[in-house]
Amino acid sequence: MTENFRMDRRALLAVGAGAGALAGLAPLSARAAAKAAVAKASTPFPKGFFWGAATAPHQVEGNNIASDLWFLEHQQPTVFAEPSGDAVNSLELWPTDLDIVKGLGLNSYRFGIEWARIEPEKGLISRGMLDHYKAMVAGCRDRGIAPLVTFNHFTAPRWFSAMGGWTNPDAPALFANYCDKVARAIGADIGMAMTLNEPNILLLLRKILPPPVWDAQRATVQAAAKRLGVARFVCANVAGPEDIDAIEHGLAAGHKAARAAIKAVRGDLPVGFTLSIIDEEAAGKNSLRDAVRQELYGMWLEIAKGDDFIGVQNYERAVWNDKGRLPAPDGADRNWSGTEVYAPSLAGAVKYAHEATGVPILVSEHGVGTDDDTLRARFIPAALRDLRQVMADGVPVLGYVHWSLLDNYEWIFGYKPHFGLCSVDRETFVRTPKPSARVLGAIAARGSI
Ligand code: FCB
């Protein structure tokens, strides 16, 4: 049974070669090329392609009280719109979540292990919580679902962040020690390991969030430090801008140490991290596009060259001319916050990540935060059509994992944004698949669009 979920380096390369082999086309006339493009995009996805949905522990489990973000949610002042509380109670309801994944016809589930549960106090490893995640992995296997596991999805234990978080020189070793414990508990039975989720998120947010939000973030972490009587309280996705470079540096070392720790336990387990990639397009002469890309992704794409794959997470595009980012065109589709969403951006981000790294791609997140599920239902097949096309053009893509399985706790924005394939009643925790969930499930079941 376990064999089904093993995907070693050889298998990864085989998937890549399969996709690449489709690319060997001779030059074609424009009309013939257009026809071929349609044919290629409708070609079935490769066998063994992961079709999945994703969650993150802090966003769905609930009562993550030993974590750093829980503490920040309860400071005065706090940048968080509301506390996470029970989230959607997936700590209890994970079997229901897995039943939904299976019921939709998906063959993989990306979920995270919560460090603050495994090591709620420094050096205190919870055997019970390791067993909990072991049961989840077994629950996946029993249902024929490949577990794609994130070792750190932004949140860390409160004690870790109170010691300076990722800016602490000991951070990589502390993280690697936790990864070693997790790998020993579940490493044998999982399909892929992602050390860190979006370690570049602060670099992206630096360009997007307005100054008052940065002020609120700084005030929040300062309030936390004061309350604990420590010099600094440093988190991975909530920070003052002055800490960003040091955090990035620590995360990079953390990834490498974690990769080594996981590989030492199971050398053939594919290990990588996920990167948030906006699809940047260049407009006109001297576009800022390449400089922006270098700033947001340069270091991380370099690091990924030493990994087995890279997780690509895409939600939008950005068009840059020589002066700055251009506004979205009139009539563009928009998400809950008013940002443009553009289905071809996924394929653009995937192509860029592969060209820059040479490693296979897992689409580890892609989705749209909206109350209009018809937009999500349109967006999924449109993005997948383009994704299939870049695969036909030679980019090795291992799977497509939609964010998110469930409407959940969207960090500082609280419960307002809805990214789920399923809605969740926050009183009863009853999950209800939306029409878009069936759209994705049907594509997964057919293996083609
Ligand atoms: C990504 C995060 C994920 C979720 C989605 C909407 O940046 O990895 O946890 O917040 O955005």
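The values are calculated or read from the model by the stated rules, or taken from the named source; none is laboratory data. If you're wondering where the values come from, they're calculated on a predicted model, not measured in any experiment. Because the Cβ atoms are built from the backbone with ideal geometry, glycine has one as well, and the counts that use them run over all protein chains shown. The protein model used for the area step is the full one, side chains on, heavy atoms only, and it has no ligands, DNA or RNA in it. Shrake-Rupley method; radii C 1.70, N 1.55, O 1.52, S 1.80 Å.
Miscellaneous remarks
- Filter result (part of a strand (DSSP E or B) and either open to solvent by 40 Å² or more (accessible area, probe 1.4 Å) or modelled with pLDDT under 95 (or both)) within segment 323-366: 325, 333, 334
- Selection status of residue 111, among the aromatic types (Phe, Trp, Tyr), in contact with a Gly (Cβ under 9 Å, 6 or more places away or on another chain) and at pLDDT 95 or above: no
- When segment 270-322 is filtered for residues that are away from the ligand (no atom under 16 Å from the Cβ), in contact with a helix residue (DSSP H, G or I) (Cβ under 8 Å, 6 or more places away or on another chain), assigned to a helix (DSSP H, G or I) and open to solvent by less than 30 Å² (accessible area, probe 1.4 Å), the ones remaining, listed by number, are 292, 301, 303, 304.
- Close pairs (6 angstrom Cβ cut-off, 6 or more residues apart or separate chains): within 15 Å of residue 341 (Cβ to Cβ) and of a type in the set (Ser, Thr, Tyr) in segment 369-398, open to solvent by 10 Å² or more (accessible area, probe 1.4 Å) and within 16 Å of the ligand (Cβ to nearest atom) anywhere: 370/335; 370/336
- Residue 94 being assigned by TED's automatic domain parsing to the domain that holds residue 233, open to solvent by less than 10 Å² (accessible area, probe 1.4 Å) and either modelled with pLDDT of 95 or more or within 16 Å of the ligand (Cβ to nearest atom) (or both): no
- Each residue in segment 367-402 was checked for being open to solvent by 10 Å² or more (accessible area, probe 1.4 Å) and within 11 Å of the ligand (Cβ to nearest atom), and 0 of them qualify.
- Taken over segment 248-269, the criterion of being in contact (Cβ under 8 Å) with a residue 40 or more places away in the chain and either in contact with a Phe, Trp or Tyr (Cβ under 7 Å, 6 or more places away or on another chain) or assigned to a loop (DSSP other than H, G, I, E, B) (or both) is satisfied by 250, 251, 254, 255, 257, 258, 266, 268, 269.
- Just one of the listed residues (155, 150) is within 16 Å of the ligand (Cβ to nearest atom), buried (at least 18 other Cβ atoms within 10 Å of the Cβ) and part of a loop (DSSP other than H, G, I, E, B), namely 155.
- Tally, over segment 158-202, of residues that are part of a loop (DSSP other than H, G, I, E, B) and touching a Lys or Arg at 6+ places or on another chain (Cβ under 6 Å): 1
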